[in-house]
Amino acid sequence: MTDGETAAMSDLIQSLRQLSFFAPLSDDILRKVARVLYQRTYSPGQVIVLEGEPCQAVYFVAQGLVRTRRMSLEGREQVLAYLGPGQSFGLAPAVDNGRNPATVDAVTEAALYIIPCHHFRQLMRYEPDLAMAVLRQLAAEVRRLSDMVEDLALHPVSTRLARFLLTQAEGGQPHRSWTQEEIAAQIGTVREVVGRTLRAFAAAGLIRRQRGRLVVVDREGLQREAAGG
């Protein structure tokens, strides 16, 4: 390597180490990762991967926000997650050589580190620490999706919406203004039900709309709704 290439490699390794997935890995592993990845920036709304497509790569968010979602045959959308810096997608199809389980698109301008699937599999085969990092990530995803299934199956829309509003108020998601359609996709219902429930919350004095945003007025009351009563 030239001095310039060595410096660029060192900078890339330091950038990778800032991401939670790569932080525990050794410089030697990160150097091998850096040799096979490339970077790409996506515009807001641009589709990154499509549900059902064969695995092409594993993706790690360096900057920005992306959304993973699934669509039913009837056109109903369910948002699975919003992913920010340090988070990843595409690990499952990279491991089992299956198809992408969800569509992923950019919510904001998003810079991604991308590793082609065949390179990623090869790295996992020879680097146990990387393979363990993948297993930890997949285990966390199983737990998160299990909680989501429980929430959708066992709790009414009013409870799910109250929890969503409290999460936003507490900064659990990047600060932004949500449309009723986006909220519906996030909590697993339809826009009309979200609108009706928001009006009920407002009439009960739990929330108000301020400059296009929903503001929590009665946190304790909303917490009671979030607890299921």
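Numerical summary
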quantity: Ordering of 66-73, 83-90 by burial proxy (mean other Cβ atoms within 10 Å per residue, highest first); calculated: 83-90, 66-73
quantity: Residue-normalised accessible area of the chain, expressed per residue, 1.4 Å probe, Å²; calculated: 55 Å²
quantity: Charge dipole (debye, nearest 20) of the chain; +1 at Cβ of Lys and Arg, -1 at Cβ of Asp and Glu; calculated: 600 debye
quantity: Surface share of carbon and sulfur [accessible, 1.4 angstrom probe, percent] for the chain; calculated: 50 percent
quantity: Rounded Å value of the spacing that divides the Cα centres of region 1-55 and region 98-162; calculated: 17 Å
quantity: Ranked packing of 12-25, 185-198, most packed first, by mean Cβ within 10 Å; calculated: 185-198, 12-25
quantity: Kyte-Doolittle mean at least 0.0 and Cα axial length at least 24 Å: DSSP H helices in the chain; calculated: 128-154
quantity: Leading residue at positive end of dipole, the chain (Cβ point charges), from 126, 12, 201; calculated: 201
quantity: Per-residue HN-Hα couplings for region 62-68 [Karplus 6.51, -1.76, 1.60; θ = phi - 60°; Hz; x = Gly/Pro]; calculated: 8, 8, x, 9, 10, 10, 9
quantity: Given (i) 18.8; (ii) 20.9; (iii) 19.5, the label whose value is Kirkwood radius over Cα pairs in Å derived from this model; calculated: (iii)
quantity: Relative packing of 113-119, 39-45, which averages over residues the other C-beta atoms within 10 Å, highest first; calculated: 113-119, 39-45
quantity: Dipole of the chain, positive direction: furthest Cα of 63, 142, 82, with charges on the beta-carbon; calculated: 82
quantity: Potential extension, residue 72-residue 141 segment - 0.36 nm per residue separation minus Cα distance; calculated: 22.7 nm
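The values are calculated or read from the model by the stated rules, or taken from the named source; none is laboratory data. None of the values given here were measured: they were computed from a predicted structure. Every residue, glycine among them, receives a Cβ derived from its backbone with ideal geometry; neighbour counts consider all protein chains shown. SASA here: full protein model, heavy atoms, side chains in, ligands and nucleic acids out. Shrake-Rupley method; radii C 1.70, N 1.55, O 1.52, S 1.80 Å.
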